[in-house]
Amino acid sequence: MNPAVQPAASPAAGAPAPAPLLPGATLGVLGGGQLGRMFVHAAQRLGYRTVVLDPDADSPAGLVAHCHLRAAYLDAAALGELAHCADAVTTEFENVPADALAALAASRRVAPAADAVAVCQDRAREKAHFARSGIACAPHAVIADETALERVDASLFPGILKTARFGYDGKGQVGVSERGGLRDAWHALGGAPCVLERRLPIAVEASVIVARGADGACVALPVQQNLHRGGILAVTRVPAPDLDDETADAAARAARRIAATLRYVGVLCVEFFVLEDGSLVATEMAPRPHNSGHYSVDACDVSQFELQVRALAGLPLVMPRLHSPAVMLNLLGDLWHDRDPRRAGSLRDPDWVRVLALPGAHLHLYGKSQARPGRKMGHLTFTADTAGEAESQARAAAELLGIGAW
C-alpha cells in the first residue's frame, strides 16, 4: 500500500456507524472467484444488486452478478465505474491491491479497509499484529534481505521459509531443516522478503471466522477443525471433534481480539494450530470469507457470505447457529483427470449421481471452465442429525470420488 494513502473505510473510534444500506442498493466486490460468487448469491438473495470487478471474462462471480466490469484491479477508469455503480465495496481475496480499496474508499463505503487488508497481505506485519493483540504465534524471524540470513537464531530450525507476500494454498513456502539450507531456500523463493517460522508439533488445525461491524459488534461461526494436504484445505469438520470447549473458546476469543485491535469491518478468518502440549498459536489470517467456512451455507442459519453482506451493508450481525453437524470436502481439479495411465491427460466428470444419492449431500460447483490439478472447482458438504452420520457419509463420498481418507 502507498504510505501516502490514508485508510478511509473504518470509522474513527467513537464515531457513529454509517446508516445501513437497505436491499435494493448495489454492493460491489473486487475479485471474481468462487468467494465472490457466493457473496453475490447471498447479496442477491437479500435483494441487493451486485457488481463485480475482475479481469477474467469467465470469472465465477462475474457470470452471476448483475454487472461485470472486466478490467485490472488498478484500472482507474474501472475503479471509477465501480464507485459510480456500487454503494459499498468489499473484496473476495487478500491479494487485491490495497491501493484499489483505498481509492474506492475516497467516495464509497469499503469493508474491509485498505489498511487492514495490507496487514493481512504481509506475513511480517500479520505476525506483528498478533503480538500487538497479545496472541501467541510461531517463533519466527523476518528476513528482509540477504544480510538477515546470518542473524537467524538457531532455535528456528527446522523451519518453514515463507514469502512475506502473495503466498496461499501452500505456495511460496520451502522447508528448511538446518541453517545450511536457508540461503538456497531464500534464493529459490526469488530472494523476496520472507518469514522463517519454526516448525511446530501440531496436534490439530483449526480456524475461526468472525464478522465485525462498523459499530464494533462481533459474531463468530463455530470453530472449525481442518485438514490440509499439500498446503490446500482438504476437509473441514464442525463441531471440531478434537478440540475441547476451553480451547475452542480461547480460539474464538483470540480471533475476536485480533479483529478488534485491527478495527476490522467485514468477515475475517484466523487460522490456528493447537500444539501437542495443548497450547494455541495463531498462524495466519484472511480478510474475507474462507474455504473452511463454506459448510456454513448448508449447516448454519446465517452463512459466512450473508455475514459479509450484513457487515458491508451495516445490517445487524446475529450470532450464527449451527443447526446440523457438517463435514466439508474440497473438490480439486484432480478429480476430473482420469487416473488410468492408459488415458493420461483425458478428462471425465466425477460420478455425481452416486455422490448425490448419499443422504445429506450438498454439492457446490463454482462454474470454472478448466479443471486443473490443484484448482478449487467446488466443495461438497454433508449435514446430518449427528456428527458421526455426517462423517460416515462424507467418507463414503470420498471413497467414491477417490479422495484420500482422513
With a 1.4 Å probe and all protein chains kept in place, how much accessible area does R198 have, in Å² rounded to the nearest 10? 90
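Compute the FRET efficiency between L400 and H228 as 1/(1 + (r/R0)^6), taking r as their Cβ-Cβ distance and R0 = 25 Å, and round to the nearest 0.05. Before the final figure, lay out the partial values.
Values: r = 22 Å, r/R0 = 0.88.
That pair, L400 with H228, gives E of 0.70.
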Cα-projected label distance for R165 with V318, points at 7 Å along beta-carbon direction, nm: 4.2
Quarter of the Cα convex hull surface for the chain, i.e. its orientation-mean projected area (nm²): 20.6
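Of all alpha-carbon pairs in region 209-323, indicate the percentage at a distance above 24 angstrom. Write out the running numbers ahead of the final one.
Numbers: 1315 of 6555 pairs.
For region 209-323, the share of Cα pairs beyond 24 Å comes to 20 percent.
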Give the accessible surface of the chain per residue, rounded to a whole number of Å², with probe radius 1.4 Å and ligands, DNA and RNA excluded. 42
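At a 1.4 Å probe radius, carbon and sulfur cover how many percent of the accessible area of region 81-238? Each step should come with its number before you reach the end.
Values: 3090 of 6040 Å².
So the carbon and sulfur contribution to the accessible surface is 51 percent.
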What is the P(r) of region 256-364, as percent of Cα-Cα pairs per 5 Å bin from 0? 2, 9, 14, 16, 16, 14, 11, 9, 6, 3, 1, 0
With labels modelled as points extended 7 Å from the Cα through the Cβ direction, what inter-label distance (nm, one decimal) is found for S369 paired with D58? 0.3
Sequence-distant lysines (8 or more away, or on other chains) whose Cα lies within less than 29 Å of K368: K162, K171, K376
Using θ = phi - 60° and the Karplus relation 6.51 cos²θ - 1.76 cosθ + 1.60, list the HN-Hα couplings for region 233-245 in order, rounded to whole Hz, with x at every Gly or Pro. 4, 10, 9, 10, 10, 9, x, 5, x, 10, 10, 7, 4
Placing one equal point scatterer on each C-alpha of region 6-135 and summing with Debye, one gets log10 I(q)/I(0) at q = 0.10, 0.14, 0.15, 0.22 Å⁻¹ equal to -0.32, -0.62, -0.70, -1.29
Which cross-chain or sequence-distant (5 or more) residues have an amide H under 5 Å from the amide H of H290, H modelled 1.01 Å from N in plane? none
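The values are calculated or read from the model by the stated rules, or taken from the named source; none is laboratory data. Note that the structure is a prediction, hence the values are computed from the model and not measured. Note: ideal-geometry Cβ built from the backbone for every residue, glycine included; neighbour counts use all protein chains shown. Side chains included, ligands, DNA and RNA excluded: accessible areas come from the protein's heavy atoms. Shrake-Rupley method; radii C 1.70, N 1.55, O 1.52, S 1.80 Å.
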